[in-house]
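Notes follow once the structure below has been shown.
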Amino acid sequence: METKWLGKPEYANSDVARWREDFPALREIVHGKPLVYLDNAATTHKPLSVIEAEAAFYRRANSNVHRGVHTLSLRATDQYEEAREKVRRFINAASTREIVFVRGTTEAINLVAQCFGRPRLTELDNIIVSAMEHHSNIVPWQMVCGQTGAELRVAPVNDAGELDVEMLGRLIGPRTRLIAITHLSNALGSITPVERVIKMAHAHQVPVLLDGAQAIAHLDVDVKALGCDFYAFSGHKIYAPTGIGVLYGKETWLDAIPPYQGGGDMISSVTFGETRYNDLPYKFEAGTPNIAGAIGLGHALDYVASVGIRAIAAHERDLLEYATGLANGIRGLKIIGTAREKAGILSFTLEGLHPHDIGTILDHDGIAIRAGHHCAMPIMQRFGLASTARASFSLYNTRAEIDALMAGIARVQEMFQR
Ligand code: PMP
């Protein structure tokens, strides 16, 4: 059996210094200060190899895919399909037939909602999501429930921000058609015990979609080992360009469901009487795709594989523990999301301060964090909040940057106490 290279579990601080060299944007100066980029859950920076791969495509291979017989078109097609194979290997899918290129997580979930959900749902059926989903794993389900009369059930999370798996189990009924949950919450950092959820769901013959937008860059994702039915992620959260993402689907499902959009490339033959659809995965890729983006994604996955997802996870765990320890020592600071299983996201509030003020003042020190509802308004409401400030870590962040964040927070508090 093919085994996946996970990289060495250990890393050294000198490794991080070397990794930083690969990301040109980290050398930016913001308001006269070196950039401290702690907004990686929103999007990550790109290594030079990705930037250059995109540019090289436009310089030397720019052409449309799957169409021409000329050399550049063949080059473009080879590189695009090579990227698909890199994705397959990275998530350990059985076949490239299971790898559909889409714009991102949002499009992947909308595709499943409309192609898998809509034909299967009636007013007797239901779909289950969790209370800590991103809007892109809520709204597409609300839309399809509106179209079909199906019910959207919501599994609760506890005060630490952990999914209540037992309660989720109680929501599963004979007419549950799908469970769609996040693998890693962007608002709280909680890692969902997806293995348990999948086992429970499959015991009831209920398929599971995982929103892997965050997890893909921080956890070892192996769709075969997980056994999930669908897995969605965005390239830009894992050091790849924007506008490219992946829907993984088990071949049996993708075969069984109709196409999402109609157009070029998704057909094998067209007459005005009848259209026959193309094979997988092309059935789901209507129109000219984001060829350069897919190639960039392939190079980003190469980059992550060369560092090793285990080394990345170990480094980010160290950053999270260090940041959590310091944050707990700050008076008036409250961490939102204290799950036992957590990845590099520190969501917090400061007593008496609006998260937008925190974010704006930190920006003057060159420190980039996110302030807002993180496109997850229901989980904010669950914690009685409108918004939080959020620092999110990546392989290129350092303890020194966390020190800068904490010093920045102290300055914010001083300014508002005066
Ligand atoms: N799900 C989660 C958990 C996310 O963090 C995000 C992005 N913030 C999305 C879905 C949507 O991803 P995209 O905007 O790239 O489609």
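The values are calculated or read from the model by the stated rules, or taken from the named source; none is laboratory data. Worth saying up front: this structure is predicted, and the values here are computed from it rather than measured. When we count neighbours, we look across all protein chains shown, and the Cβ atoms used for this are built from the backbone with ideal geometry, even at glycine. Just the protein is used for accessible areas: all its heavy atoms, side chains included, with ligands, DNA and RNA removed. Shrake-Rupley method; radii C 1.70, N 1.55, O 1.52, S 1.80 Å.
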field: Cβ-derived FRET efficiency at R0 45 Å, ALA305 paired with ASP363, nearest 0.05
entry: 0.85
task: Two decimals is fine: what is log10 I(q)/I(0) at q = 0.16, 0.23, 0.25 Å⁻¹ for region 191-287, from a Debye sum with one equal scatterer on every Cα and no solvent?
output: -0.79, -1.17, -1.26
- request: Starting from the Cα gyration tensor of the chain, take the square roots of the eigenvalues, sort them a ≥ b ≥ c, and report rounded, prolate or oblate (rounded when a/c is under 1.5, otherwise prolate if a/b is larger than b/c, else oblate).
  value: oblate
query: For region 66-144 and region 373-400, what is the separation of their C-alpha centers, rounded to whole Å?
result: 26 Å
statement: In whole percent, the fraction of accessible protein surface over region 1-125 that belongs to carbon or sulfur atoms, probe radius 1.4 Å, stands at 54 percent
message: Rolling a 1.4 Å sphere over the protein heavy atoms, what is the accessible area per residue of the chain, to the nearest Å²?
response: 42 Å²
task: Over the chain, calculate the relative contact order: mean separation of alpha carbon pairs under 8 Å at least 6 apart, over the residue count, as a percent.
output: 24 percent
- prompt: Simple spin-label model, 7 Å along Cα-to-Cβ: PHE416 to ASP318 in nm?
  reply: 3.2 nm
- request: Might you report the magnitude of the Cβ-based charge dipole of region 217-333 about its Cα centre, with Lys and Arg at +1 and Asp and Glu at -1, to the nearest 20 debye?
  value: 300 debye
query: Can you give the three extents of the C-alpha atoms in region 1-142 along their principal axes, from longest to shortest, in whole Å?
result: 57, 48, 40
field: ALA94 paired with GLU52, simple spin-label distance in nm, labels 7 Å along Cα-to-beta-carbon
entry: 3.9 nm
- prompt: Using θ = phi - 60° and the Karplus curve 6.51 cos²θ - 1.76 cosθ + 1.60, what whole-Hz ³J(HN,Hα) does each residue of region 330-343 get, with Gly and Pro shown as x?
  reply: 9, 5, x, 8, 10, 7, 9, x, 10, 4, 5, 9, 9, 10
field: Sites ARG18 and GLN147 - FRET efficiency at Förster radius 51 Å, r taken between beta-carbons, to 0.05
entry: 0.50
message: Taking just the alpha-carbon atoms of region 269-391, what radius of gyration and Dmax come out, in angstrom?
response: 21.8, 71
- prompt: Using the Karplus equation 6.51 cos²θ - 1.76 cosθ + 1.60 (θ = phi - 60°), what ³J(HN,Hα) coupling, rounded to whole Hz, does each residue of region 45-60 give in order, writing x for Gly and Pro?
  reply: 6, 10, x, 4, 4, 6, 4, 6, 5, 5, 5, 5, 4, 5, 6, 10
message: In whole Hz and in residue order, list the ³J(HN,Hα) couplings for region 181-191 that follow from phi through the Karplus curve 6.51 cos²θ - 1.76 cosθ + 1.60, θ = phi - 60°; x for Gly and Pro.
response: 9, 7, 7, 8, 6, 6, 8, 10, x, 5, 9
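What is the sum of charges, Lys and Arg at +1 and Asp and Glu at -1, for the other residues whose Cβ falls under 12 Å from the Cβ of GLY337? Display every interim value, and only then the final one.
Numbers: positive: LYS334, ARG340, LYS342, ARG382, ARG390; negative: ASP159, GLU162, GLU341.
Combined, the nearby Lys, Arg, Asp and Glu give +2.
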task: Could you list which residues have their amide H under 5 Å from that of LYS342, counting only those 5 or more apart in sequence or on another chain, with H placed in the peptide plane?
output: ILE191
message: Going by Cα centres, region 252-270 and region 339-361 are how many Å apart?
response: 43 Å
- prompt: At a 1.4 Å probe, what is the % contribution of carbon and sulfur to the accessible area of region 176-285?
  reply: 50 percent
task: Name the residues whose placed amide hydrogens come within less than 5 Å of the amide hydrogen of VAL65, ignoring near sequence neighbours (fewer than 5 apart) on the same chain.
output: none
query: Rounded to the nearest 0.05, what FRET efficiency is calculated for CYS375 and ASP255 with R0 set to 25 Å and r the Cβ-Cβ distance?
result: 0.20
query: Using modelled amide H (1.01 Å from N, peptide plane; none on Pro or chain starts), what sits under 5 Å from the amide H of ILE267, excluding residues fewer than 5 places away?
result: ASN278
query: For the chain, what is the mean residue ellipticity at 222 nm derived from helices alone (per DSSP H run of n ≥ 4: -39500 (n - 2.57); sum divided by total residues; nearest 500 deg cm²/dmol)?
result: -11500 deg cm²/dmol
query: Considering only the other residues whose Cβ falls under 11 Å of the Cβ of ASP255, what net charge follows from Lys and Arg at +1 and Asp and Glu at -1?
result: 0
